[in-house]
1. Tell me which of these residue 53 doesn't satisfy, since it passes every other one: (1) at pLDDT 95 or above; (2) surrounded by fewer than 19 Cβ atoms within 10 Å (Cβ to Cβ); (3) not small (Gly, Ala, Ser).
2. May I ask you to list the residues in the stretch 62-95 that are of a type in the set (Ser, Thr, Tyr) and farther than 28 Å from residue 127 by Cβ?
3. Kindly check whether there is at least one residue in the stretch 148-167 that is closer than 30 Å to residue 343 by Cβ, in contact with a helix residue (DSSP H, G or I) (Cβ under 9 Å, 6 or more places away or on another chain) and of a type in the set (Gly, Ala, Ser).
4. Give the stretch 176-217 a look and list any residue that's of a type outside the set (Gly, Ala, Ser), under 17 Å from the mean Cα position of the chain (by Cα) and more than 24 Å from residue 41 (Cα to Cα), or say none.
5. Please enumerate the residues belonging to the stretch 94-137 that are among the acidic types (Asp, Glu) and surrounded by fewer than 20 Cβ atoms within 10 Å (Cβ to Cβ).
6. Looking at the stretch 203-241 only, could you name the residues that are aliphatic (A, V, I, L, M), in a loop (DSSP other than H, G, I, E, B) and more than 30 Å from residue 191 (Cα to Cα)?
Amino acid sequence: MAAQPLDLTLELAPKARFDLVELRSHFPDEHQAMAAYSHCLYWSSHTTAGFLDRSLTTRLSAQHIPTYLDAFRTLFPEGAGYEHDRMERREDLSAAQREIEPRNADSHLAFIASGLRPCVTYPNKPGEPVYFVDLDGVVDSVPRRRLTRLIGFHHEQVIGTTRIEVPVSSHPIDSVNLKDPRLGVTEQLAEFVQKSGVGKGRLRIVLDPAERHSALTVNEYETLLMTHDLAEVLRNPLSFFMEKYRHAMANPRALPAKTLGYAKYDFIRVLNSSMDLMGLRGSLVEKLVAKSLGVPAARFFRMRRSVSLLVSEREDGSTGMIEGTYQSPILVQWQRAPRATRVLHVTLTQIS
């Protein structure tokens, strides 16, 4: 009889705000315990820390992963005037929470744009690295508590599929919280899982092939972050980078030449890095800025057309979707949909 999946919870203590941890070498004993399994599922409970898809890490190779992530961290500088970080406007927080809430809109945007995921599967190959990427690991010099799960398994079997239509607005740039109770999507997914009898597996949600100018992500659906900051990024991918250096570019005589030179160097460097790593066409530096400002979000960013959600046993003994406190599946569009809805295809698999 084949062994049941082995499910372990790992805790990490980040060493810096941006922290890249190779999990196989960081947790050798836990991975040794997984040696008998052919595959591993990795899951993060966070919205600013997760995993790159295996296909992307394979293409980038280990030495280029920090460069790839640095491009997005430079595009979204810390403290660049994000609405999400204006605590006086955060009606979702109490006065006490506003005092301690991290100003981390840049980390959320980098997570979304770089294609980071909370749930991925990898073949269990000892020589193949698996990176846990943390974009907001230390706040006010204090490491945040980071949790991830590692599940070893042999087989993944499709149990069922379903189709869901999600109402979208007529606005060309918009984001839809799929956990919004008014949509009923979460209820449909929960019922789908419950009827299947699956004890451990994953839900894979994919946009219909006919859907264009749209993507899926899992993140925090905070109103200012989604309706202001993310919308601004979709309109102008370089808006927050330019905001960071607006004063320097507008008033070059007000700053030492060296400081202005660093700003210009960073600007060119991030554009070149983005072009090289994301397969965008580029030519002269003078033309690069204009081209990049006009690049559609679908090409400039690495947002995905699918997301995976972990299905497992909860603390109360029930089985269903496992989500971090602030995690929500989100549908994003940057051009108006041809219809009043967008179509999602959902596949439920069981791991064993």
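The values are calculated or read from the model by the stated rules, or taken from the named source; none is laboratory data. What you see is a predicted model, and the numbers here were worked out from it, not measured in a lab. Note that each Cβ is placed from the backbone with ideal geometry, even for glycine, and that neighbours are counted across all protein chains shown.
1. (1)
2. Selection gives 74, 82, 94.
3. yes
4. 176, 177 - these are the residues of the stretch 176-217 that are of a type outside the set (Gly, Ala, Ser), under 17 Å from the mean Cα position of the chain (by Cα) and more than 24 Å from residue 41 (Cα to Cα).
5. 99, 101, 128
6. 238 - this is the single residue of the stretch 203-241 that is aliphatic (A, V, I, L, M), in a loop (DSSP other than H, G, I, E, B) and more than 30 Å from residue 191 (Cα to Cα).
Residues are listed down the side, and each one gets a yes or a no for (1) part of a loop (DSSP other than H, G, I, E, B); (2) of a type in the set (A, V, I, L, M); (3) modelled with pLDDT under 95; (4) surrounded by fewer than 19 Cβ atoms within 10 Å (Cβ to Cβ):
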residue: 310; (1), (2), (3), (4): no, yes, no, no
residue: 315; (1), (2), (3), (4): yes, no, yes, yes
residue: 331; (1), (2), (3), (4): no, yes, no, no
residue: 336; (1), (2), (3), (4): yes, no, yes, yes
residue: 342; (1), (2), (3), (4): no, no, no, no
residue: 347; (1), (2), (3), (4): no, no, no, yes
residue: 350; (1), (2), (3), (4): no, no, no, no
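Condition check ((1) surrounded by fewer than 19 Cβ atoms within 10 Å (Cβ to Cβ); (2) of a type outside the set (S, T, N, Q)) across all residues:
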site: 157; (1), (2): yes, no
site: 185; (1), (2): no, yes
site: 200; (1), (2): no, yes
site: 206; (1), (2): yes, yes
site: 214; (1), (2): no, no
site: 222; (1), (2): no, yes
site: 225; (1), (2): no, yes
